[in-house]
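Reviewing the structure listed below.
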Amino acid sequence: MTKPENATDAQLLTRLSSGDSRALEALANRYEKGLVGIARGLLGGRQDLADDAVQETWVRVLRFGSTFSSKSSVKTWLYRIAVYQCHTMRSTMRRREDRDTGRAHQTRPPANTPDVDLVHDLTRALDSLPEAKRTVVLLCYHRGMTHEQAAQVLEIPVGT
Amino acid sequence: MSNTSANSIEEHLAKLTEPAASTGDLWKKALAVVSTGPQTKKGPTRWKRPEWLRTVHPLMAAMLVIVVGAALMAILMPSLERQRLPSAVGSNGIPSFTRADVERGMVAAPNSGGSPFGGRSAFETPGLVSAEPSSAQGEYEYGFSEGSAAPADMTRSRRMHQEQTPAADLQETAGPVERAVVRKATMELKTDDVRSTFLKASMAIREAGGEYIQDSSLTGEGQHAQANLTLRVAAGRLPEVLRELRELGEVDSERVTGDDVTAQMVDIDARLRNERRIEQELLGLLEARDDSPLTEILELRTQIGYVRRNIEQLQAQQQQLGRLVSLATVLVIIRHDQTKAADGIWTYFKASIVDAWSYGLGFLADSVAWIVTVVVGGLVWWIIAGIAFLIAWHTYKKKSG
């Protein structure tokens, strides 16, 4: 049997379905950072929420890994789950904040960015976009994600 | 916007989703969550599919639900059908009775707690509507001169009765009415000796009780012999006569029908009573107007004649119906038993194949009818089940990414 590091994503997923937790570790080594990054972007820079979203993504991979149908790549599948989780968390968060404070939700920029003003403006501009368009922008500018892969994640044609 | 600032925006956009080190090994936490279950998380506990259910594919589960639904419908629909049709009703709207019905009295009302007409008002019976005499209007017109007191009284009286009859009279008498049913039975018999069976069947009647042979014929000889016999037997003795006839040979077919004429009887009775009342009134007028002109008296007599003619016609109809009800008609057809004469394996084989073919076609028709019933009858449920399945499938796909 090949080592987890050398196995393909599909092989890792098959091993995971058969109960091999090292396969999950290998998948996490490949994609966890990227997933946290896109989740952070989608959740307005909230690292804690991004961690929760990615953790929930792994939970779903563990539970539903056996149902993966190989119609798309494992990578886009993982991103699709993460994006869906972020949408769910974001809408839940907004509802809760609207109910508690009655104010519109305001996201804050990441603390470690050098140009705070530009990032703040960008974040506000992104926030003003509809959910779907915001996701498209963030996925397209996400490092390591091609436009084709972004289209696959969102299940829309390239160039939409 | 300059190229530099555009590049800067792109860089910052990329930084917004820049891959970053997480606060910990999220996959390990996920493993812990899955191994301990969702109850370790705060908040409401979500329903977790049991292990045995996880092995069942959603499509298989959906198919199972559909099959169980179809089976339930197949079980429930015939019972609902029976509920809707408490008694077998013929194509002409008249209940048809089976041999069992006859043997247990045949005339028992299916819903004795309701209308005496078996849950259907006598006034809705098509036959009753047409029973209104078409010539009545013509007969009710009187040719008296204007200003005459007698015709005015008579016309008023006649109109009053016209308004009352027949519905008003029927309503008055629509209490506990005994049902009147004209019973008819047809029996086909196979026997080795047609002639002797014919004679024995003829002896099933009791002439002393008013029963008689309405028609009889015996044709052919040997294996081609056939006898037809129409018996008129007392309605109460019909089950007994049928039992006797069954013992005379092998019963090829048997059919018993009942034609409910209660409504007609009630209608005739009401009209008869109405005509008698009119007759009494006309007679009263005739006696009270001795000094009236001769033409008016003659006119009154003519009208009394019309009314009496109506009464006689109605009485004849009543008697005719009474005879039909009191005497059941039994048609007996006796044939030679061909199967016994030409007994052999080949004949048996052919007959079996023919029977099997007929039975198969019948079963095929029943199956197609059942499928059509389930598909068309349960269309609403199929649509609901389909939508539910689509929603469940969509939710499942979303959850699994």
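The values are calculated or read from the model by the stated rules, or taken from the named source; none is laboratory data. Please read all numbers here as calculations on a predicted model, not as lab measurements. Because the Cβ atoms are built from the backbone with ideal geometry, glycine has one as well, and the counts that use them run over all protein chains shown.
Can you find a residue that is closer than 22 Å to B:Gln280 by Cβ, more than 42 Å from the chain's Cα centre (by Cα), surrounded by 12 or more Cβ atoms within 10 Å (Cβ to Cβ) and of a type in the set (Ser, Thr, Tyr) anywhere in the stretch B:290-301? So far as the stretch B:290-301 goes, yes, one or more of its residues are closer than 22 Å to B:Gln280 by Cβ, more than 42 Å from the chain's Cα centre (by Cα), surrounded by 12 or more Cβ atoms within 10 Å (Cβ to Cβ) and of a type in the set (Ser, Thr, Tyr).
Across the stretch A:24-58, the qualifying residues are those that are farther than 19 Å from B:Lys15 by Cα and either aromatic (Phe, Trp, Tyr) or at the interface with another protein chain (Cβ under 7 Å from one of its Cβ atoms) (or both), and the one among them that is surrounded by the most Cβ atoms within 10 Å (Cβ to Cβ) is A:Trp58. Out of all the residues in the stretch B:183-198, which are modelled with pLDDT under 90 and aliphatic (A, V, I, L, M)? Hit for the stretch B:183-198 is B:Val194, nothing else. For the stretch B:54-70, state whether one or more residues are at pLDDT 60 or above, in contact with a helix residue (DSSP H, G or I) (Cβ under 9 Å, 6 or more places away or on another chain), more than 12 Å from chain A (Cβ to nearest Cβ) and outside any helix (DSSP H, G or I). The answer is yes, given that some residue of the stretch B:54-70 is at pLDDT 60 or above, in contact with a helix residue (DSSP H, G or I) (Cβ under 9 Å, 6 or more places away or on another chain), more than 12 Å from chain A (Cβ to nearest Cβ) and outside any helix (DSSP H, G or I).
Take A:Ala10 and tell me if it is more than 8 Å from chain B (Cβ to nearest Cβ) and either over 30 Å from B:Leu13 (Cβ atoms) or outside any helix (DSSP H, G or I) (or both).
On the way: more than 8 Å from chain B (Cβ to nearest Cβ): yes; either over 30 Å from B:Leu13 (Cβ atoms) or outside any helix (DSSP H, G or I) (or both): yes.
Judged against the criteria, A:Ala10 is a match.
Scan the stretch B:222-250 for residues that are of a type in the set (Gly, Ala, Ser), touching a residue at least 60 places away in the same chain (Cβ under 8 Å) and under 13 Å from B:Arg183 (Cβ atoms) and jot them down. Correct list: B:Ala234, B:Ala235.
Suppose the filter is closer than 30 Å to A:Ala53 by Cα and not assigned by TED's automatic domain parsing to the domain that holds B:Thr197; does B:Ala392 pass it? Walk me through how you get there before you give the answer.
On the way: closer than 30 Å to A:Ala53 by Cα: yes; not assigned by TED's automatic domain parsing to the domain that holds B:Thr197: yes.
Yes: the conditions hold for B:Ala392.
Residues in the stretch A:67-78 that are out of contact with any Gly (no Cβ under 7 Å at 6 or more places or on another chain) and either within 9 Å of another protein chain (Cβ to nearest Cβ) or closer than 20 Å to A:Asp127 by Cα (or both): A:Thr67, A:Phe68, A:Leu78.
Can you find, within the stretch B:202-239, the residue that is surrounded by the fewest Cβ atoms within 10 Å (Cβ to Cβ) among those that are of a type in the set (Ser, Thr, Tyr) and either in contact with a Leu (Cβ under 9 Å, 6 or more places away or on another chain) or part of a helix (DSSP H, G or I) (or both)? Quick ask: steps written out before the conclusion?
Filtering the stretch B:202-239 down to residues of a type in the set (Ser, Thr, Tyr) leaves B:202, B:212, B:216-217, B:219, B:230.
Next cut, either in contact with a Leu (Cβ under 9 Å, 6 or more places away or on another chain) or part of a helix (DSSP H, G or I) (or both) only: B:202, B:212, B:216-217, B:230.
Working: B:Ser202: 14, B:Tyr212: 13, B:Ser216: 14, B:Ser217: 10, B:Thr230: 15.
Only one residue fits best here, namely B:Ser217.
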